[in-house]
Amino acid sequence: MATAVEHSVVGEMSGEQRVSIGMDVGGSLAKFVLFEEPEEGTDGSSSRHPLEDYIRKAVASEARSADRSSLPEGWFAQAIRPGSSQGSNDDERQDSTALYALRLPTSDLPELFNRVGAQNAGDLRLRVAATGGGTLKFKAELEEQLRVEIAFVHELKAIARGLPKVAGQRPSPALLCSVGTGVSLIHISDSNGGFERVSGSGIGASTFWNLARRLTSYTDFEAAVTQPGDAQKVDVLVGDVYGVETSREIGMPPELVAGFLGKLGAPGVADRDVVAALLRMFTNNLGQLAVFQARLLELSEVWFCGGCFGASEADEGSGAGRVVRRAVADAVGFWSAGKVKALFPGNASFLGAVGAATEASNSGSSKEQ
């Protein structure tokens, strides 16, 4: 038996199941997915790489302790299935692939290294498909600490490839708004994943969250976003400038925002009000950009993806992901006068990791895509 063993990105593992590992390391979040398709003659046993083993164990542990997470704060692990979307009226195709997902703050990668314990793997090395700026930034450390060999996939290509897989359909042509540290608007031109970045913005999720942390006492995203605040206490409205009656006389709704954060220094403003105003500013910018680009491309739908939209479509009704999705949908509806629809693929935060593994699989697992 050879002393060095290598598992490919997609391949037969001991003749059992077809397994793919995808990784997406961004500036704020690191996402890992392990998905497999059952094959005939499987018996469920295998000698697994420590990374694969840890992802499975983390998901199983979370499933057993639904009321109390065994993971560090800010981590997420769940078994999910691609193929569900919010906002779509189409019949959804449920993918038969089992998907094990793990998400954590990028700053917690050292803790992941400790938990995986890949240094005990000896010469066993796993080839993974990976995307995201953090993958390149931390490539040497990731490969050494996790005992992996990274096949890098261009981030926009991974996102374009991931949308059909995660959404459970082949939306083509489509406009995809990827929201992370910044924002990229990607036109997917055909069902084979042909794409072009057509626009973007430097006002991304990191802008919103770091302003919130700087201007308020919140340190937890979920707690900050789910607290009901009143943005009107912070924003200057048209009614504040012209008065309610005059606003109506000139044909402008008095509740329309004239200046975001224009009353930030006013007395009686609570932290939750500031967060509500920042969220409105952030999502209005997203909605405006998306609608204007959709009009240029003559499309009536825009897909949104990113960690700020929630780890899973199973988020509780009051979860931060749903709050952000609702705010974006409202902004898209406002700027398009209801003519453009916002769609959110289930498990949108894992779209890049899924797309990386999918692209590497389709390209024969080459070292760089």
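The values are calculated or read from the model by the stated rules, or taken from the named source; none is laboratory data. No experiment lies behind these values; they were computed from the predicted model shown. Using ideal geometry, Cβ is built from the backbone for each residue, glycine included, and neighbour counts are taken over all protein chains shown. Keep in mind that these areas ignore ligands, DNA and RNA; they rest on the heavy atoms of the full protein, side chains included. Shrake-Rupley method; radii C 1.70, N 1.55, O 1.52, S 1.80 Å.
Sorting Met281, Met23 on solvent-accessible area from highest to lowest, probe radius 1.4 Å, gives Met281, Met23. Counting charges near Ile186 (Lys, Arg +1; Asp, Glu -1) among other residues having Cβ under 9 Å from its Cβ returns a value of 0. The calculated FRET efficiency for Ala258 paired with Ala79, based on their beta-carbon distance and R0 = 45 Å, is about 0.45.
Quick check: with the 1.4 Å probe, what order do Trp209, Trp335, Trp303 take by accessible area, largest first? Each step should come with its number before you reach the end.
Details: Trp209 40, Trp335 75, Trp303 5 Å².
Largest to smallest exposure gives the sequence Trp335, Trp209, Trp303.
If you take the Cα centroid of region 237-315 and the Cα centroid of region 118-164, the two points sit 37 Å apart. In summary, the lysines within cross-link reach of Lys157, defined as a Cα separation below 18 angstrom excluding same-chain residues under 8 places away, comprise Lys31, Lys165, Lys367.
Computed FRET efficiency, Cβ-Cβ of Arg213 and Asn114, R0 35 Å: what is it to the nearest 0.05? Intermediate results must be reported in sequence, preceding the final value.
Working: r = 26 Å, r/R0 = 0.75.
Approximately 0.85, to the nearest 0.05.
Here region 165-256 has 48 percent of its accessible surface on carbon and sulfur atoms, given a 1.4 Å probe and all protein chains in place. Within the same chain, lysines fewer than 8 places from Lys233 are excluded, and of the rest, those with a Cα less than 18 Å from its Cα are Lys263.
Per-residue accessible area (protein heavy atoms, 1.4 Å probe) orders Thr226, Thr135 as Thr226, Thr135, starting from the largest. Based on protein heavy atoms only, region 193-266 ends up with 57 Å² per residue of surface accessible to a 1.4 Å probe.
Put a dot 7 Å past the Cα of Asp230, heading toward its Cβ, do the same for Asn362, and the two dots end up 5.1 nm apart. Please find the FRET efficiency linking Glu149 to Glu301, where r is the Cβ-Cβ separation and R0 is fixed at 41 Å, and quote it to the nearest 0.05. That gives a FRET efficiency of 0.60.
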